[in-house]
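Every number in this text was worked out from the coordinates using simple rules, so none of it is lab data. Note that the structure is predicted; figures quoted are calculated from it, not measured. Cβ placement follows ideal geometry from the backbone for every residue including glycine, while neighbour counts extend to all protein chains displayed.
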């Protein structure tokens, strides 16, 4: 079947030139795009639905359209192939994607072990791509070495072949029963249990990345990796020696229970980056008085125990009374240590504070306040899982411990376990409902679950308890903005900046709300305030520049974009918008320079190639302009403005036949495009006039 496809041209455009591979889900080919100059290569994926009955096809068609839209959105990332086209032909579905020249990661994961430093770098690169994918609410579902390419152009990793697309081909519908089943998607050896059962999570992708790490470190294949017969946990550390923190990190990635893994790529990536930070050293001299005090405590305890034993021998004091004395001393010593730890906490010496809280609970294991102290200190140290354990211990000892319930909620919020966080906040508010910070935190958790109406009620409660709570006003504004209630959002942001005039975040989002109301002058003023109070706030500088473009104040806009570049040199949007402002000022050479900087950062946005072409056109560099337009239509084939401008450049070079073909493409994608129709007709008339000229016969 694959051989039969070779040489075929799909939808009159994509000519199949090579078979790449295939299986139960479909076939993959390399094709050339016959409608673009230079016949650039692309990848064509042919997807084969399991059944061609009308119900199954309808389901597959719906899924195909949805997943194509997802792939198009994901393809905006430079490390994910761009979707160029998708179509249905003869009840078969096709995806056309950017062709990536390179090799897959399986060629690098051989029996040779890779160093720990190289594996950390590899993981960081993969997780950075997955972080973007997970933020788009997408689970890859088939992360494995063959789906990670090493791009030849720059040696960067590229993530391909999203498993969601395969769902199109695995849907099986029983029209009689109207039931649907799905074949499990993924590659054996990289599929965790929950995914094999049809319930993939973000952490399922994390599991697959962890397996790749183990392969890289140990040189083992997935078949050779052992699992504990009782727990199903992976055994790998006996094959290689790595630092304990890194070993723990990988272990957490590949936990059998998905709830024990990192919940998303963001959390895994942050942990990996934290591992690479140098550990701060504690000054022992500052800690010695506390250590001495602990030693004195232990000596004191020994003395009391000895005296108690003597008392028992000579005067018959009961054992219970003696233990009560010891318990009292223990309690006093634990409280003394707890108070010292609180002082260290207040001084923000969190590592020292943690050590003393631990000493307190060593002396008195059921000391709820000591466990709570550990929880809040671990929170400050960003050790959220350990903090949760400490808070749970405090609550176990003292079930109605208000501070522990609220602290637990804050930790769960950081772990992005928002529903559990809300349950903890509710328990804290049930115990005492007048804590404005807990109401505000509950609102934030609800906002993260996109339950904005409920969030606003929580923020209102926080404000009712504390009228000058500017953070609650700000968060309420964000929730209203997400509900597109922009006027109300502006009122909330106004209150926030009234209470805290230098609140740059509130000024920035006030500007965003005003933009949605097309009140550009006021939006500019808000962004201007944001950068006045925070001069390195490059997002606000960027938005400020955009408003100045809307107000046709191009020179000021350029200065604003220069500020963005000063603080974030790799801002694609700043270089792109700067180019546009320069173009509007007719500074075409400078515009070209700016657009080229943008292209260095992000090469697959058709708009920058189109704009670059226009600046080159105005410089009368028609050949270069055409090359730029060619790149634009490579990335967006239906860009009718690009085809029209390309035609104009060809017209100016008197390449009339090619110009007509370009105008025709513009009209194909926009049939009522008057400028293109007029240009085509004019060019046709010129060609006809040239053909009708009679040859001059010499008069002898």
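The calculated P(r) of the chain, using every Cα pair and 20 Å bins from 0, goes 13, 36, 35, 12, 4, 1, 0, 0 in percent. Axis angle, to the nearest 10 degrees, between helix 244-253 and the longest C-alpha principal axis of the chain: 60 degrees. Normalising by residue count, the range 2-98 has a Cα convex hull of 102 Å³ per residue.
How far is helix 436-448 tilted off the main Cα axis of the chain, in degrees rounded to 10, range 0 to 90? Compared with the principal axis, the helix lies near 40 degrees. Packing here is the average count of other Cβ atoms within 10 Å per residue, and on that basis the peptides 29-39, 5-15, highest first, run 29-39, 5-15.
In plain terms, if you count all Cα to Cα distances in the range 102-275 and split them into 10 Å steps from zero, the share in each step is 9, 39, 36, 12, 4, 1 percent. Sorting the segments 605-616, 655-666 by their mean number of nearby beta carbons within 10 angstrom, highest to lowest, gives 605-616, 655-666.
Relative protection proxy for 238-244, 43-49, from highest mean packing down: 43-49, 238-244 (other beta-carbon atoms within 10 angstrom).
Computed from Cα atoms, the angle from the helix 288-315 axis to the main principal axis of the chain rounds to 30 degrees. Note on the range 395-507: percent of Cα-Cα distances in each 10 Å bin, starting at 0 and stopping at the bin with the largest distance, equals 17, 44, 30, 8, 1.
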